[in-house]
Amino acid sequence: MASGVTATSGKSRSWWAWAIATFFGAGLLRPGPGTYGSLAATLVWFVVARHVPVHLLPWVTLGMAAAATAIGIPAATRVAQESGRKDPQIVVIDEVAGQWLTLTFCLPAMPLALLGLVCFRIFDILKPPPVRQMERLPAGTGIVVDDLAAGVYALLLQVVLQHLLLVQQLLHHGVRH
């Protein structure tokens, strides 16, 4: 029972689903709407991270990823149905959820957040097993869950690289007791 906006094709579009699925228009940008969705998610996360105590940031970030997933699956399903495409490129709420999952243990520093962005995009593009297989799940579930799986891989890589960077910094600047 969603109100719709009539598209130029004459089809009615559910404004809420299109707003959420495109992450408020990020998915309409070209080229590479998935990268724009991930970048927008990273910027939103960074703004939030600057206002949340660091010890609560992982919980807030997981909550953001969970919310994007919970609202993103029905939105992605609706947009896929209304566009007549199984996995429309304009749907980037899946990248948002996966990106936020990747940033769960990221420290609130832009270079580290950008590292998380790169890690996520690598796994989202390469789709190692079982990421690609998760695309076969029905409708919005398949659209979103494969990006969450890519987010798990990216989270692990981001945490390891972040740790190595911090250790390298400590060694470079000397550890003082």
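The values are calculated or read from the model by the stated rules, or taken from the named source; none is laboratory data. It should be emphasised that the depicted structure is a prediction, and the values quoted were computed from it without experimental measurement. Every residue, glycine as well, gets a Cβ built from its backbone with ideal geometry; the counts of neighbours run over all protein chains shown.
Laid out as a table, the results:
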{"read-out": "Subset of region 75-95 (residues that are closer than 15 Å to LEU148 by Cα and among the small types (Gly, Ala, Ser))", "value": "ALA76"}
{"read-out": "Residues of region 23-56 classified as in contact with a Pro (Cβ under 8 Å, 6 or more places away or on another chain) and either modelled with pLDDT under 95 or more than 22 Å from LEU107 (Cα to Cα) (or both), total", "value": "2"}
{"read-out": "Residue, modelled with the highest pLDDT, within region 126-177, restricted to residues that are exposed (fewer than 11 other Cβ atoms within 10 Å of the Cβ) and assigned to a helix (DSSP H, G or I)", "value": "LEU164"}
{"read-out": "Unique match (being in a helix (DSSP H, G or I) and surrounded by fewer than 21 Cβ atoms within 10 Å (Cβ to Cβ)) among LEU43, LEU101", "value": "LEU43"}
{"read-out": "Selection count where residues are over 28 Å from the mean Cα position of the chain (by Cα) and β-branched (Val, Ile, Thr), scope region 145-177", "value": "1"}
{"read-out": "All positions within region 104-125 that are outside any helix (DSSP H, G or I), in contact (Cβ under 8 Å) with a residue 12 or more places away in the chain and not hydroxyl-bearing (Ser, Thr, Tyr)", "value": "PHE105, CYS106, LEU107, PRO108"}
{"read-out": "First in region 36-50 and more than 17 Å from VAL60 (Cα to Cα) and touching a residue at least 40 places away in the same chain (Cβ under 8 Å), second anywhere and among the hydroxyl-bearing types (Ser, Thr, Tyr) and assigned to a helix (DSSP H, G or I), Cβ under 9 Å, 6 or more apart", "value": "SER38/THR102"}
{"read-out": "Residue within region 170-177 that is farther than 15 Å from SER38 by Cβ and touching a residue at least 40 places away in the same chain (Cβ under 8 Å) present", "value": "no"}
